[in-house]
1. May I ask you to list the residues in segment 112-131 that are more than 14 Å from the chain's Cα centre (by Cα) and among the aliphatic types (A, V, I, L, M)?
2. Scanning for something among the aliphatic types (A, V, I, L, M), within 21 Å of Glu80 (Cα to Cα), more than 13 Å from the chain's Cα centre (by Cα) and assigned to a loop (DSSP other than H, G, I, E, B), does segment 95-111 turn up at least one residue?
3. Taking Thr174 as the residue in question, decide whether it is in contact (Cβ under 8 Å) with a residue 40 or more places away in the chain and among the polar types (S, T, N, Q).
4. Could you say whether any residue in segment 155-172 is touching an Asp or Glu at 6+ places or on another chain (Cβ under 8 Å) and surrounded by fewer than 13 Cβ atoms within 10 Å (Cβ to Cβ)?
5. Quick check on segment 123-130. Is at least one of its residues surrounded by fewer than 15 Cβ atoms within 10 Å (Cβ to Cβ), closer than 27 Å to Arg56 by Cα and not β-branched (Val, Ile, Thr)?
6. Do you know which of the residues in segment 112-128 that are touching a strand residue (DSSP E or B) at 6+ places or on another chain (Cβ under 8 Å) and either β-branched (Val, Ile, Thr) or modelled with pLDDT of 80 or more (or both) is farthest from Trp88 (Cα to Cα)?
7. Any residue at all in segment 86-98 that's charged (D, E, K, R), out of contact with any Pro (no Cβ under 7 Å at 6 or more places or on another chain) and at pLDDT below 85?
Amino acid sequence: MMKTKVSIFFISFCFACCLSAFSQNEGQARQIVMKTLDLIQAPSGIQMDYHVQFTRLFSKEGVVALKGNMFHRESKRTEEWYDGTNHWSLNKASQKLKLNMPSEYGNDKDLGEYLQQVRTDYNFTLDNTQKHWVITLKAKKDAKVDIKEAVAYINRATYEPVQVKMKWSIFWLTLDILSMKKVSYPDSYYRFDQSKHPDVKIIVKKK
């Protein structure tokens, strides 16, 4: 009987230790992710050069500037602006502009919405390498998100993201951050300016 009680106590103690270690891991991982998101969404603004690879059939590179929830993204085929209220997407080849509609080569949600989902709709686990923190993100139960799982590599010294792998359906998309720097563009930089694109017409508009 005594041995049974000792065994139960030992198992309970080990289980409690595991839960404590998991909680600390989750807490540290969350702190790291929040610092990275604060850096990306800095009020002054940042700019990143990036490369995206999705299977062997699709790759894309470009530059994106972010200021709070606003962004300006440009690649070879498209240019996008979001000022916190309106989202413009320009197809450079056809010179067709969409307003508040899904972009032709991008996502149907604004970057700020995805970043906010990371803050609230995911659980985190932490692993370490010599240069990077490796954070695994898994969507919480019943979370209404497109990306159910992701792995982020974050620079241990600067908290800057280096690479993010995202599971989209059954495929993995890899986003490499090639460079990142602070910028200070005016708010107008994140709005489409018709005077700079006189030949462009808005073909689709949704409030």
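The values are calculated or read from the model by the stated rules, or taken from the named source; none is laboratory data. Fair warning: this is a prediction, and the values are worked out from it, not measured in the lab. Cβ sites come from the backbone with ideal geometry, for glycine too, and all protein chains shown count toward neighbours.
1. Leu126
2. Narrowing segment 95-111 to residues among the aliphatic types (A, V, I, L, M): 97, 99, 101, 111.
Narrowing the set further to residues that are within 21 Å of Glu80 (Cα to Cα) leaves 97, 99, 101, 111.
Filter once more, keeping what is more than 13 Å from the chain's Cα centre (by Cα): 97, 99, 101.
Next, from what is left, pick out any that are assigned to a loop (DSSP other than H, G, I, E, B): 101.
Taking every residue of segment 95-111 in turn, at least one turns out to be among the aliphatic types (A, V, I, L, M), within 21 Å of Glu80 (Cα to Cα), more than 13 Å from the chain's Cα centre (by Cα) and assigned to a loop (DSSP other than H, G, I, E, B).
3. Values: in contact (Cβ under 8 Å) with a residue 40 or more places away in the chain: yes; among the polar types (S, T, N, Q): yes.
So Thr174 fits the description; yes.
4. Taking segment 155-172 first, the residues touching an Asp or Glu at 6+ places or on another chain (Cβ under 8 Å) are 162-163, 166-168.
Next, from what is left, pick out any that are surrounded by fewer than 13 Cβ atoms within 10 Å (Cβ to Cβ): none.
Looking through segment 155-172, none of the residues is touching an Asp or Glu at 6+ places or on another chain (Cβ under 8 Å) and surrounded by fewer than 13 Cβ atoms within 10 Å (Cβ to Cβ).
5. No: segment 123-130 contains no residue that is surrounded by fewer than 15 Cβ atoms within 10 Å (Cβ to Cβ), closer than 27 Å to Arg56 by Cα and not β-branched (Val, Ile, Thr).
6. Just the residues of segment 112-128 that are touching a strand residue (DSSP E or B) at 6+ places or on another chain (Cβ under 8 Å), to begin with: 112, 118, 121-128.
Subsequent filtering for residues that are either β-branched (Val, Ile, Thr) or modelled with pLDDT of 80 or more (or both) retains 118, 121-127.
Working: Val118: 24, Asp121: 27, Tyr122: 29, Asn123: 32, Phe124: 33, Thr125: 36, Leu126: 37, Asp127: 38 Å.
So, considering only residues that are touching a strand residue (DSSP E or B) at 6+ places or on another chain (Cβ under 8 Å) and either β-branched (Val, Ile, Thr) or modelled with pLDDT of 80 or more (or both), the one farthest from Trp88 (Cα to Cα) is Asp127.
7. Pass one, segment 86-98, residues charged (D, E, K, R): 92, 96, 98.
Still in the running and out of contact with any Pro (no Cβ under 7 Å at 6 or more places or on another chain): 92, 96, 98.
Of the ones still in play, those that are also at pLDDT below 85 are none.
No, segment 86-98 contains no residue that is charged (D, E, K, R), out of contact with any Pro (no Cβ under 7 Å at 6 or more places or on another chain) and at pLDDT below 85.
Each row is one residue, and each column tells you yes or no for (1) in a strand (DSSP E or B); (2) farther than 25 Å from Tyr189 by Cβ.
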position: Ala29; (1), (2): no, yes
position: Lys35; (1), (2): no, yes
position: Asp38; (1), (2): no, no
position: Ala42; (1), (2): no, no
position: Val64; (1), (2): yes, no
position: His72; (1), (2): yes, no
position: Trp81; (1), (2): yes, no
